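To start, the structure itself, in structure tokens.
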Amino acid sequence: QVQLVESGGGLVQPGGSLRLSCAASGRMFRSYVMAWFRQAPGKEREFVGRIRWSGDSTYVADLVKGRFTISSDYSKNTVYLQMNSLKPEDTAIYYCAASSKYFPGARDVNYWGQGTQVTVSS
């Protein structure tokens, strides 16, 4: 079993920044690819990006490329989602996920965090 706990969400003005954290624990969690998804009201959960614990392979979706970055801190068992130049359309619940797939879709996720709300509004 793997446990994932997100933190760092909140209310931010357009153009602002937030950093989300995902603390992982449990059995063999480093064997999984870590990913971020988000879900806006009335929409499907969508893939944002993913990283391996070694930090040597990251990928972010085109919809956030150039604004969001993913990183990991192996010593702290934590992955991060740095979000810059936030837009109102980035408003969603953001979920941390662990998957055995290299490029996971929502159906490929083995473990989900509880989610953290990000609201971008003036």
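Please enumerate the residues belonging to the stretch 47-67 that are in contact (Cβ under 8 Å) with a residue 24 or more places away in the chain and closer than 19 Å to Gln117 by Cβ.
Matches in the stretch 47-67: Phe47, Val48, Gly49, Val64.
Considering each of Leu4, Leu11, Leu63 in turn, give the residue that is part of a strand (DSSP E or B), hydrophobic (A, V, I, L, M, F, W, C) and within 22 Å of Ser121 (Cα to Cα).
Numbers: Leu4 fails: within 22 Å of Ser121 (Cα to Cα); Leu63 fails: part of a strand (DSSP E or B).
The match here is Leu11.
What number of residues in the stretch 1-41 are over 14 Å from Trp53 (Cα atoms) and open to solvent by 50 Å² or more (accessible area, probe 1.4 Å)?
So the count comes out to 13.
When you look at Pro14, is it modelled with pLDDT of 95 or more, in contact with a helix residue (DSSP H, G or I) (Cβ under 7 Å, 6 or more places away or on another chain) and not hydrophobic (A, V, I, L, M, F, W, C), yes or no?
Values: modelled with pLDDT of 95 or more: yes; in contact with a helix residue (DSSP H, G or I) (Cβ under 7 Å, 6 or more places away or on another chain): yes; not hydrophobic (A, V, I, L, M, F, W, C): yes.
Judged against the criteria, Pro14 is a match.
Asp56 - would you say it is within 23 Å of Val2 (Cα to Cα), open to solvent by 50 Å² or more (accessible area, probe 1.4 Å) and part of a loop (DSSP other than H, G, I, E, B)?
Values: within 23 Å of Val2 (Cα to Cα): yes; open to solvent by 50 Å² or more (accessible area, probe 1.4 Å): yes; part of a loop (DSSP other than H, G, I, E, B): yes.
Against the criterion (within 23 Å of Val2 (Cα to Cα), open to solvent by 50 Å² or more (accessible area, probe 1.4 Å) and part of a loop (DSSP other than H, G, I, E, B)), Asp56 qualifies.
Consider Ala24 against the criteria (1) hydrophobic (A, V, I, L, M, F, W, C); (2) more than 11 Å from the chain's Cα centre (by Cα); (3) outside any loop (DSSP other than H, G, I, E, B); (4) closer than 13 Å to Val118 by Cβ: it satisfies all of them except one. Which criterion is unmet?
(4)
Out of curiosity, is Phe68 open to solvent by less than 20 Å² (accessible area, probe 1.4 Å), closer than 14 Å to Ile93 by Cα, within 14 Å of the chain's Cα centre (by Cα) and not β-branched (Val, Ile, Thr)? Please lay out each step first, then the result.
Numbers: open to solvent by less than 20 Å² (accessible area, probe 1.4 Å): yes; closer than 14 Å to Ile93 by Cα: no; within 14 Å of the chain's Cα centre (by Cα): yes; not β-branched (Val, Ile, Thr): yes.
Against the criterion (open to solvent by less than 20 Å² (accessible area, probe 1.4 Å), closer than 14 Å to Ile93 by Cα, within 14 Å of the chain's Cα centre (by Cα) and not β-branched (Val, Ile, Thr)), Phe68 does not qualify.
The values are calculated or read from the model by the stated rules, or taken from the named source; none is laboratory data. All figures in this text were calculated on a predicted structure; none of them were measured in a lab. Every residue, glycine among them, receives a Cβ derived from its backbone with ideal geometry; neighbour counts consider all protein chains shown. Surface areas here come from the heavy atoms of the whole protein model, side chains and all, with no ligands, DNA or RNA. Shrake-Rupley method; radii C 1.70, N 1.55, O 1.52, S 1.80 Å.
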